[in-house]
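Enquirer: The structure that follows is given in the form of structure tokens.
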Amino acid sequence: MNGLGGTMVVGLTGQTGAGKSTVSKVFAENGFAVINADLIARKVVEKGTKCLNEIADFFGQEVIQEDGSLDRRALAALVFTDKKKLEMLNSITYPYITGEILRQIRWHSLKGEKLILLDAPTLFESRADDFCELIISVVSDDNIREERIIQRDGLTAGQARQRMDSQLSEDFFRKHSDYIISNNQSLEVVNGISKEVSDKIKDYYYNKNTD
């Protein structure tokens, strides 16, 4: 990220259910400002927003609740069973999401926070990787991820698999990332690996900026 007074943005992404939030927490504890793209994605589709109006225009009022807010389950049922509809949803939401990400990057930079972690499940799909100097991807075995998604989101095994299948492959993440964190072991192990990676990135940043 050029032109922001030495700010470095690190992208954090990976497979659904792999445990990004665990890694993100370690980076936050180690001095990184965190931008959570999931929270931004929720913000841009709040009741009355332009983005939500565009979604309703395309998908119909069946994805809007009586109070005018987004019916997330109804929308998910449509897009996670139809790749073209998911692509259309992404084409509507991504410009709003990336605009807010850039606004938050600038805000953190103006505050003097030079190490920023962009926690974004669709980092590559939204082209937000263009903002990042380094990219970390979190991966995990399919059976472990499926169990985590079922517990986290209250889905059936079939619904969990649909969400898993809608994402990029593990091979893609491995080929397009600077660091891979495999989260198949205990919380203690993944916390230790995450701390080690965050320390390495901090060293890289400070060495680069003191040369």
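The values are calculated or read from the model by the stated rules, or taken from the named source; none is laboratory data. Just so you know, these numbers come straight off a predicted model, no measurement behind them. Here Cβ is always computed from backbone atoms with ideal geometry, including for glycine, and neighbour counts include all displayed protein chains. Protein only, heavy atoms only, side chains kept; ligands, DNA and RNA dropped before computing areas. Shrake-Rupley method; radii C 1.70, N 1.55, O 1.52, S 1.80 Å.
Enquirer: In this structure, is residue 12 without any contact (Cβ under 8 Å) to a residue 40 or more places away in the chain and open to solvent by less than 40 Å² (accessible area, probe 1.4 Å)? Give the derivation first.
Expert: Numbers: without any contact (Cβ under 8 Å) to a residue 40 or more places away in the chain: no; open to solvent by less than 40 Å² (accessible area, probe 1.4 Å): yes.
Here the answer is no, as residue 12 does not meet what is asked.
Enquirer: Can you tell which of 152, 163 is assigned to a helix (DSSP H, G or I), open to solvent by 80 Å² or more (accessible area, probe 1.4 Å), on the phi < 0 side of the Ramachandran plot and of a type in the set (Lys, Arg)?
Expert: Exactly one residue qualifies, and that residue is 152.
Enquirer: Here is a further query. Give me the pairs, please: first residue somewhere in region 177-193 and in contact (Cβ under 8 Å) with a residue 12 or more places away in the chain, second residue anywhere and outside any helix (DSSP H, G or I) and surrounded by fewer than 16 Cβ atoms within 10 Å (Cβ to Cβ), beta-carbon distance under 8 Å, and either six or more positions apart or on two chains.
Expert: 184/141
Enquirer: Any residue in region 122-142 that is closer than 24 Å to residue 187 by Cβ and at pLDDT below 95 sitting within a Cβ distance under 8 Å of a residue that is β-branched (Val, Ile, Thr) and part of a loop (DSSP other than H, G, I, E, B)? List the pairs, counting only those 6 or more apart or interchain.
Expert: Matching pairs, first to second residue: none at all.
Enquirer: Within the group 71, 82, 67, which residue is acidic (Asp, Glu), farther than 18 Å from residue 48 by Cα and over 17 Å from the mean Cα position of the chain (by Cα)?
Expert: Values: 71 fails: farther than 18 Å from residue 48 by Cα; 67 fails: farther than 18 Å from residue 48 by Cα.
The unique qualifying residue is 82.
Enquirer: Surrounded by fewer than 19 Cβ atoms within 10 Å (Cβ to Cβ), closer than 27 Å to residue 14 by Cα and modelled with pLDDT of 95 or more, is that true of residue 50? Quick ask: steps written out before the conclusion?
Expert: On the way: surrounded by fewer than 19 Cβ atoms within 10 Å (Cβ to Cβ): yes; closer than 27 Å to residue 14 by Cα: no; modelled with pLDDT of 95 or more: yes.
Judged against the criteria, residue 50 is not a match.
Enquirer: Need a quick list: helices (runs of 4 or more DSSP H) entirely within region 16-68 having at least 3 residues that are among the β-branched types (Val, Ile, Thr) and within 29 Å of residue 148 (Cα to Cα). Can you show your working first?
Expert: Numbers: elements: 20-29, 37-43, 50-59.
In region 16-68, 20-29 are the helices (runs of 4 or more DSSP H) which contain 3 or more residues that are among the β-branched types (Val, Ile, Thr) and within 29 Å of residue 148 (Cα to Cα).
Enquirer: Please work out which one of (1) of a type in the set (A, V, I, L, M); (2) in contact with a Cys (Cβ under 7 Å, 6 or more places away or on another chain); (3) surrounded by fewer than 19 Cβ atoms within 10 Å (Cβ to Cβ) is the condition residue 110 fails and give its number.
Expert: For residue 110, the failing item is (2).
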